[in-house]
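Please read the structure below before turning to the comments.
The values are calculated or read from the model by the stated rules, or taken from the named source; none is laboratory data. Note that this is a predicted model, so its numbers are computed, not measured. Every residue, glycine among them, receives a Cβ derived from its backbone with ideal geometry; neighbour counts consider all protein chains shown.
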Amino acid sequence: MLASLLSAGKATAHPHVWVTVETEIQHDAEKRVTGFQHKWTFDEFYSSFATQGMDKNEDGKLDREELKELAEVNVTSLKEFGFFTFPKIARDQADCDEPRDYWLEQKDGMLTLHFFLPLKQPVEKAKLKDFHFSVYDPTFYVAFAFAKDAPIRMAAGLSECRPEISRPEIQAPAKSLSESVQSENNELMGSGSAYAENVRLKCGA
């Protein structure tokens, strides 16, 4: 469903879906960064649209099993867009592997997608000072923003590193889906990278 919306929205290049991001940075026993445990919460309009007719047992709520197929379709389709996650070591792109352990939940009318996105090659501890990443849609059809409270966390065992978020000078508009559809503001046109928040790790003193 999300992939279909993205394909339809490439020509418009302004946001129609809003996603709040929470990420835990994972590492191995050697304290190499291994990937991202993502938690993405979609806006109420997309959540409502995507789940129409999915309450098979008609109990008024959607459980993980009812959302299983939607989770699989979404995660599989995200590959075309680089899973909207762009890690780098200095200026060099760091590739991600296929997501795993993905599932959807619905709470207070909002859909949240959970998944682990591994790096193909772990980032060595000595290179963490040059490691950074952003979460964004290059077409800017989806607007991603880190949560206000605890947006980035380090997994237990790497307490000497702390994440720092740098905000872009240009802020993505905080509009609802219906407001965005009606908007003709040309200032919103352009690459999603211009609105991307960047995360770096500060390790040691």
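In this structure, is H38 crowded, with 20+ Cβ neighbours inside 10 Å, of a type outside the set (D, E, K, R) and touching a Gly at 6+ places or on another chain (Cβ under 8 Å)? Outline the logic, then answer.
Values: crowded, with 20+ Cβ neighbours inside 10 Å: yes; of a type outside the set (D, E, K, R): yes; touching a Gly at 6+ places or on another chain (Cβ under 8 Å): no.
Taking the combined requirement at face value, the residue does not satisfy it.
Could you tell me which numbered condition A71 fails, if it satisfies all but one of (1) at pLDDT below 90; (2) in contact with a Phe, Trp or Tyr (Cβ under 8 Å, 6 or more places away or on another chain)?
With (1) at pLDDT below 90; (2) in contact with a Phe, Trp or Tyr (Cβ under 8 Å, 6 or more places away or on another chain) applied to A71, the lone miss is (1).
Six or more apart or on different chains, Cβ atoms under 9 Å: show the pairs whose first residue is in segment 119-137 and free of Cβ contacts under 8 Å to residues at least 40 places away in the same chain and whose second is surrounded by 14 or more Cβ atoms within 10 Å (Cβ to Cβ) and of a type in the set (G, A, S).
K120/A94; Q121/A94
If a residue must be assigned to a helix (DSSP H, G or I) and hydrophobic (A, V, I, L, M, F, W, C), how many such residues does segment 118-148 contain?
So the answer is 2.
So how many residues does segment 32-74 have that are under 21 Å from P151 (Cα atoms) and part of a loop (DSSP other than H, G, I, E, B)?
2
Does Q106 fit the bill of being part of a strand (DSSP E or B), exposed (fewer than 15 other Cβ atoms within 10 Å of the Cβ), touching a residue at least 24 places away in the same chain (Cβ under 8 Å) and not charged (D, E, K, R)?
Working: part of a strand (DSSP E or B): yes; exposed (fewer than 15 other Cβ atoms within 10 Å of the Cβ): no; touching a residue at least 24 places away in the same chain (Cβ under 8 Å): yes; not charged (D, E, K, R): yes.
Answer is no for this residue.
So A94 fits all but one of (1) at pLDDT 95 or above; (2) out of contact with any Pro (no Cβ under 9 Å at 6 or more places or on another chain); what number is the exception?
Every condition holds for A94 apart from (2).
S77: assigned to a helix (DSSP H, G or I), at pLDDT below 90 and of a type outside the set (K, R), yes or no? Talk me through it step by step, then tell me what you get.
Values: assigned to a helix (DSSP H, G or I): yes; at pLDDT below 90: yes; of a type outside the set (K, R): yes.
Yes, satisfied.
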